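Novice: Following this message is one structure expressed as structure tokens.
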Amino acid sequence: MDAMAVGERLVSLCREGKNMDAINELYADDVVSVEAMEPPAGGDRTSQGIDAIRGKNQWWNENHEVHDASVRGPYPHGDDRFCALYEYEVTFKPAGQRFKMEEVAHYTVKDGKVVREEFFYTM
């Protein structure tokens with residue numbers, strides 16, 4: 001599967017709210033994920049390996065109530081990369097804080113799997 005096909009599948013699953021399915025189906029075991037900044041609770045901007053990515057997404061799901069979500073794309077860049085634009089309105093449950101968020105995700109694909117994702121956003 002080329003990068004555009006991976007991107008189309010990933011965006012389709014995310015539009016259905018099946019983000020974890022996208023990870024399980026489309027991510028390489030040794031995937032690397034890089035956030036724009038360090039997590040507010042501490043930790044590293046970079047997560048390595050499929051289990052770390054699953055854990056990061058599980059934390060997001062457990063700590064956020066999603067009121068609205070959308071994704072646009074994929075936007076291809078060559079044969080091995082694409083971007084998607086995500087927009088969310090969520091409440092951070094521990095603080096009861098509701099906010100809107102936009103982020104650009106840049107994905108690198110190798111052998112039909114996402115091997116790297118990088119997120120661009122402001123807080």
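Rule-based calculations on the coordinates, nothing more; no lab input. Given the structure is predicted, the values throughout are model-derived calculations rather than measurements. Heads up, the Cβs are rebuilt from the backbone with ideal geometry, glycines too, and the neighbour counts pull from every protein chain shown.
Novice: Cα axis of helix 3-15 to longest principal axis of the chain: angle in degrees, 0 to 90, nearest 10?
Specialist: Roughly 30 degrees between the two axes.
Novice: Defining a contact as two alpha carbons under 8 Å apart and six or more residues distant in sequence, what relative contact order in percent does the chain show?
Specialist: Working: 238 pairs, mean separation 37.1, N = 123.
Dividing the mean separation by the residue count of the chain yields 30 percent.
Novice: Please give me the summed charge of the neighbours of L85: other residues whose Cβ is under 9 Å from its Cβ, Lys and Arg +1, Asp and Glu -1.
Specialist: Here the charged neighbours net out to -2.
Novice: Mind giving me the nanometre distance, one decimal, between the label points for D111 and D68, set 7 Å out from Cα along Cα→Cβ?
Specialist: Between D111 and D68, the simple spin-label model gives 4.2 nm.
Novice: Could you tally the net charge around S70, taking each other residue with its Cβ under 15 Å from the Cβ of S70, Lys/Arg +1 and Asp/Glu -1? Provide the component values of the computation, followed by the final result.
Specialist: Details: positive: R15, K18, R72, K100; negative: E16, D68, E87, E89, E102, E103.
After counting each charged neighbour, the total is -2.
Novice: What net charge is computed for the residues neighbouring E38, neighbours being all others with C-beta under 12 Å from the C-beta of E38, Lys and Arg scored +1, Asp and Glu -1? Present the calculation step by step, with values, prior to reporting the outcome.
Specialist: Values: positive: R45; negative: E35, D44.
Here the charged neighbours net out to -1.
Novice: Treating region 3-120 as a set of equal point scatterers at the Cα positions, no solvent, please give the Debye-formula log₁₀ I(q)/I(0) at q = 0.10, 0.15, 0.23 Å⁻¹.
Specialist: The calculated log intensity ratios at q = 0.10, 0.15, 0.23 Å⁻¹ are -0.28, -0.65, -1.56.
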